[in-house]
Amino acid sequence: MTPLSDRRALLGLRRVLGLLALFALVSPATAGEAIPETASASGPDFRATAARVDELLAARWREEGVTPATLSDDSEFLRRVYLDLTGVIPPVAEVRAFLNDDSADKRQRLIERLLASPAHATHLATTWRNIMLPAGFETGDLNSVLGVQNWLRNRFAENMRYDRIASELLVATGGSESGPALFYTALELKPEELAANTARIFLGVQIQCAQCHDHPYDHWSQEDFWGYAAFFAQLERAGGEQPGMMNVALVDRNQGDVTLPDTEQVVLPRYPEGRLANPDEGGYRRQQLSIWLASRDNPYLARAMANRVWERLFGRGLVEPVDDLGPRNPPSHPEILEELTEFFIESGFDVRMLFRTLANTRAYQLSSRGESEEAPRPELFARMMVKSLTPEQLYDSLSQAALRNSVGMGMGGASSSRLFDPQRREFLARMQTASRSAAEFEAGLPQALMLMNGRVMVEATDSNKSRMIAALDAPWFTDEQRLETLFLAAYAREPSDAERDQFLNYIRGADENNRRQALGDVFWALLNSAEFALNH
């Protein structure tokens, strides 16, 4: 038997074999089940909008003399859409069923099933929680994280209108359902923090750059910033609660103002489009802001969300960065952004419909492998951008591959209780990076060591601990079947001829006492590969 260091360096094998034993333990939904074509029979036609997006992109490619990539194959598409819509790689049973399905509409039916799954709502909740809460907050107050996560998940699960989600958060008072109120306490109820974060999240603008002085590059003035912050100036926590309590109650008083820094000038509430709030309109300040947010007078909400969903699926926004919309930072495809914004409004701010539309475009289904070595500019979207997995996606996909008993894996959704899993928390804390962009890969030595030698990797690949390796050790499997299963699990594809020959030679080169260890080596190599750690 080759020494351990040589074995693992030789093949990168452990990466390739990690996920496929799932087929023995996980049952997918029936591949041919009937799926509703639209969320609402009275809503706009998502197919027409998807076709329009493709038409506008194709016209731009012709202007630029760019040849787009070919369509992704079924394996590439399946793994991508699972990660983008549910946050985890597909189980082996689903991979086999999808690859063996010859139906012309199987991609559309898969998209519908994933959008309707509890896992989609959980993934969106995790994504938006990470956008909403300050970096590193998860390790400080898990009860608050749980409250925000559950509140978001319930809204996405019922496919609540996005303008209503935003409005509910803005007028939150806490009590029995304290998720939105916990967002406020996470930012310490500071008007300037609440202004900066709600503007970034819901309006897609960096208004905080005008906190201390007029924005150096945009039209926002210092008075604009503090006028927006004034909507939160009369908010405070109701008396009696301790800071660590999960049942938070908020109250809006009829007193409290903000002033320009280093002055005594009181700034009255001012909407981002410039109009002063009118006290005679009734309601407390946050109520007035929530009404404006969901109104036609607000040019930001729908546009910012359309841009964010595009970024979630394509790796970068039509406006990049996604939270910096403004005249000085125009979209790469203005017509597409306007089309999607109007479509989103006409659909009734239906987030699921927006995901459905973009996932059904030809552009989303392009391969990440281009026809030429020189990649076209990323803002042209002529091939799918390779995206880094988030720490949550990576951990949950490793758990899926390892057949670990993680809560909520696969199509059954995920319980918020997994937020309290100490092993998961340790992994996420170690894998966090400064950037929140999927297009940037910033992992360094600590992350690499965690992946190579961390407990989840040991449990996945050790011959005496791995459920996957134990499942594949059954005598009715041939070595070819074991290898194919590992590739399907990790990559949602079969091995190439060269990979098959190389890995089979390695496995068969081990004596009977070391056969399971050889499978573990292959699995380790697969799970530590770039192909596993990236969404492509």
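Throughout, read-outs are computed from the coordinates displayed, never taken from laboratory work. Not measured: the values here are computed from a predicted model. Glycine gets a Cβ as well: all are built from the backbone with ideal geometry, and neighbour counts include every protein chain shown.
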(message) Going by amide H atoms built from the backbone, whose H comes under 5 Å of the H on Leu250, apart from near neighbours?
(response) Gly174, Gly175, Ala238
(request) Over all directions, average the projected area of the Cα convex hull of the range 272-430 and note it in nm². (result) 14.1 nm²
(message) Taking amide H atoms as placed 1.01 Å from N in the peptide plane, list the residues 5 or more away in sequence, or in a different chain, whose amide H sits under 5 Å from that of Val258.
(response) Val267
(message) Restricting to Cα pairs below 8 Å that are 6+ residues apart, what does the relative contact order work out to for the range 303-349? Please round to a whole percent.
(response) 36 percent
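Sum up the charges of everything whose Cβ sits under 14 Å from the Cβ of Ala470, counting Lys and Arg as +1 and Asp and Glu as -1, but leave Ala470 out.
Working: positive: Arg404, Lys465, Arg467, Arg482, Arg515, Arg516; negative: Glu459, Asp462, Asp473.
The answer is +3.
Taking other Cβ within 10 Å of each residue's Cβ, how do Leu472, Leu534 sort, fewest first?
Numbers: Leu472 24, Leu534 16.
Fewest to most other Cβ atoms nearby, the residues stand as Leu534, Leu472.
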(message) Tell me the net charge near Ala69. Cut-off is 11 Å between Cβ atoms, Ala69 excluded, with +1 for each Lys or Arg and -1 for each Asp or Glu.
(response) +1
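In which sequence would Trp310, Trp128 go, from the one with the fewest C-beta neighbours within 10 Å to the one with the most?
Working: Trp310 26, Trp128 20.
Fewest-to-most Cβ neighbours within 10 Å comes out as Trp128, Trp310.
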(message) Give me a comma-separated list of calculated 3J(HN,Hα) values for the range 195-212, in order, Karplus coefficients 6.51, -1.76, 1.60 applied at θ = phi - 60°, integers in Hz, x for any Gly or Pro.
(response) 5, 4, 7, 5, 5, 5, 6, 9, 10, x, 10, 9, 5, 5, 5, 9, 5, 9
(request) Would you kindly derive the ³J(HN,Hα) couplings of the range 522-535 from the backbone phi angles with the Karplus curve 6.51 cos²θ - 1.76 cosθ + 1.60 (θ = phi - 60°), listing them in order in whole Hz, with x for Gly and Pro? (result) 4, 4, 4, 5, 5, 6, 9, 8, 5, 4, 7, 7, 10, 9
(request) Go through the range 221-227 residue by residue and turn each phi into a ³J(HN,Hα) via Karplus (6.51, -1.76, 1.60, θ = phi - 60°); whole Hz please, and just put x for glycine and proline. (result) 9, 4, 5, 4, 5, 6, x
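Listing Asp163, Asp497, Asp350, Asp421 from the residue with the fewest other Cβ atoms within 10 Å to the one with the most, what is the order?
Details: Asp163 21, Asp497 8, Asp350 24, Asp421 15.
Ranked by crowding around the Cβ, least crowded first: Asp497, Asp421, Asp163, Asp350.
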(request) Run down the lysines and flag those whose C-alpha is under 30 Å from the C-alpha of Lys106, throwing out any fewer than 8 positions away in its chain. (result) Lys387
(request) Amide H neighbours of Arg493 under 5 Å, at least 5 residues apart or on other chains, H built in the peptide plane: list them. (result) Leu488
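Could you tell me whether the range 160-293 comes out rounded, prolate or oblate from its Cα gyration tensor? Rule is a ≥ b ≥ c as square roots of the eigenvalues, rounded for a/c under 1.5, then prolate if a/b exceeds b/c, otherwise oblate.
Numbers: a/c = 1.62, a/b = 1.47, b/c = 1.10.
Judged from the Cα gyration tensor, the range 160-293 comes out prolate (a/c at least 1.5, a/b above b/c).
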